[in-house]
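These notes concern the structure reproduced below.
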Amino acid sequence: MIACRKRFFRLPARHIARFQFIIEGYDGIATVTTVDPKEAVVMVSIPDGLEGHVDSVLEAMAREGAIPFRETPGWKNGAGNEP
């Protein structure tokens, strides 16, 4: 089993599908799971060794500005709030 790092992001709910499509479009670098649709929080699971690739994609998305998102490192499934 491959170890994965989990990162959480909050974004407008209407952008979740597009965010997932973009990240998962880079085949194999990460998967995106909606963990709280009400709070619009997604979890990005990144296999060890691919963090740099995901960071590059996220940086490009942030520069483009089409999908506003922010990382919420302290978010835990069910908590619903940042620390």
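The values are calculated or read from the model by the stated rules, or taken from the named source; none is laboratory data. All values reported here derive from a predicted model rather than from experimental measurement. A quick note on method: Cβ atoms are made from the backbone with ideal geometry, for glycine too, and the neighbour counts reach across all protein chains shown.
General observations
- Residues in region 35-60 that are under 11 Å from the mean Cα position of the chain (by Cα), outside any strand (DSSP E or B) and not aliphatic (A, V, I, L, M): 55 only.
- Test: residue in region 23-44 that is in contact (Cβ under 8 Å) with a residue 24 or more places away in the chain, acidic (Asp, Glu) and more than 20 Å from residue 10 (Cβ to Cβ): no
- Given (1) under 15 Å from residue 9 (Cβ atoms); (2) surrounded by 11 or more Cβ atoms within 10 Å (Cβ to Cβ), index of the condition residue 47 fails: (1)
- Within region 10-22, being closer than 20 Å to residue 75 by Cβ, among the aliphatic types (A, V, I, L, M) and either in contact (Cβ under 8 Å) with a residue 40 or more places away in the chain or surrounded by fewer than 18 Cβ atoms within 10 Å (Cβ to Cβ) (or both) holds for 11, 13, 17.
Here is a yes/no grid of residues against (1) at pLDDT 95 or above; (2) of a type in the set (Val, Ile, Thr):
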residue: 13; (1), (2): yes, no
residue: 16; (1), (2): yes, yes
residue: 24; (1), (2): yes, no
residue: 37; (1), (2): no, no
residue: 59; (1), (2): yes, no
residue: 77; (1), (2): no, no
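- Scanning region 1-34 for residues that are over 12 Å from residue 67 (Cβ atoms), in contact with a strand residue (DSSP E or B) (Cβ under 8 Å, 6 or more places away or on another chain) and either in a loop (DSSP other than H, G, I, E, B) or not hydrophobic (A, V, I, L, M, F, W, C) (or both) turns up 2, 3, 5, 6, 7, 24, 28, 29, 30, 31, 33, 34.
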